[in-house]
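The values are calculated or read from the model by the stated rules, or taken from the named source; none is laboratory data. In this text the structure is predicted, and so the values were computed from the model without any measurement. As a convention, Cβ positions derive from the backbone with ideal geometry for all residues, glycine included, and neighbour counts pool all protein chains shown.
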């Protein structure tokens, strides 16, 4: 069955011809190289993740001792608390072995002054996520880059960049009065100019049909500062900031914001650490908001691009990663 799924995934990938995408190895093609006389076919080529690889600036695979495959200016510092590196979605992955979102569990990476984040004006962040099976525990930060400082020298309560899950809760259906469960996924970007002005992009998605508890799924968040949308006040097209969330290659929500400050102000001299599994501001003691929990589950294949991947590219990336997963399990 997995081989059938693999062939379907690889066939779908062939349909994508992006300028930033190179073709991955194809098991079906390899099998066709044999002849009708029963000669042995060449060894099949393992599939690879190649979508927009030239735009990939940070890649945490968790497959080696420093957990990093790519990331200029990033160095692994330490694992704290209940972190466990074990079999993930592809190869090894990151886990909070306690399964408790209040138990300390994070990995810290030092960020040098000259680093990959400084090369980002648009961004896509993707990761494979395994939420804890208990719904009440689905709350916590997946990863974050620590923030700048206020003009009075104090740190911000929120990281410069982070992706996190908020509380599991319920909404009430207005017609039936029935309780409808939802799961909230958030992406937040906070960045500043040299005068202390703040641009706070907060994307908030309440998903009533979320059904991935105890299951791996791919989460993607994109930011595009040049999205052309209609400005109703001016009656003309204008550049806006747009943030999108995808699950398993499918769009979930998209919001636009006024274009105020360039995204490349995200990284200042105070941005010196990247965290997996927890809020930088909470870990560093700059926030007392105890709801900023650790992640109670698994994380794998964190990829950060200096490009806002299109809907088609996000889907192609998802299919390539699924193909790699199926191949390693055969």
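Of all the numbered requirements in (1) modelled with pLDDT of 85 or more; (2) more than 17 Å from the chain's Cα centre (by Cα); (3) not in a loop (DSSP other than H, G, I, E, B), residue 136 misses one, and that requirement is (1). Taking segment 117-133, which residues are touching a strand residue (DSSP E or B) at 6+ places or on another chain (Cβ under 6 Å) and part of a loop (DSSP other than H, G, I, E, B)? Hits for segment 117-133 are 122, 132.
Here segment 211-242 is the region considered, the condition is being under 17 Å from the mean Cα position of the chain (by Cα) and not in a strand (DSSP E or B), and the residue that is surrounded by the most Cβ atoms within 10 Å (Cβ to Cβ) is 216.
Checking each residue in segment 77-107 for being in contact (Cβ under 8 Å) with a residue 60 or more places away in the chain and in a loop (DSSP other than H, G, I, E, B) picks out 88, 89, 90, 91, 98, 99, 100, 101, 102, 103, 104.
Looking at segment 234-250, is at least one residue modelled with pLDDT of 85 or more and out of contact with any strand residue (DSSP E or B) (no Cβ under 8 Å at 6 or more places or on another chain)? Scanning segment 234-250, I find at least one residue that is modelled with pLDDT of 85 or more and out of contact with any strand residue (DSSP E or B) (no Cβ under 8 Å at 6 or more places or on another chain), so the answer is yes. The residues listed here are 152, 157, 114; of these, the one that is assigned to a loop (DSSP other than H, G, I, E, B), touching a helix residue (DSSP H, G or I) at 6+ places or on another chain (Cβ under 6 Å) and either buried (at least 20 other Cβ atoms within 10 Å of the Cβ) or modelled with pLDDT under 90 (or both) is 157.
Of all residue pairs spaced 6 or more apart or on separate chains, those with beta-carbon atoms under 8 Å, a first member in segment 201-230 that is on the phi > 0 side of the Ramachandran plot and a second member that is surrounded by fewer than 19 Cβ atoms within 10 Å (Cβ to Cβ) and assigned to a loop (DSSP other than H, G, I, E, B) are 214/133.
Got at least one residue in segment 260-275 being over 26 Å from residue 54 (Cβ atoms), surrounded by 24 or more Cβ atoms within 10 Å (Cβ to Cβ) and in contact (Cβ under 8 Å) with a residue 24 or more places away in the chain? Yes: segment 260-275 contains one or more residues that are over 26 Å from residue 54 (Cβ atoms), surrounded by 24 or more Cβ atoms within 10 Å (Cβ to Cβ) and in contact (Cβ under 8 Å) with a residue 24 or more places away in the chain.
When residue 75 is tested against (1) buried (at least 16 other Cβ atoms within 10 Å of the Cβ); (2) modelled with pLDDT of 95 or more; (3) touching a strand residue (DSSP E or B) at 6+ places or on another chain (Cβ under 6 Å); (4) under 26 Å from residue 308 (Cα atoms), exactly one condition is not met: (1).
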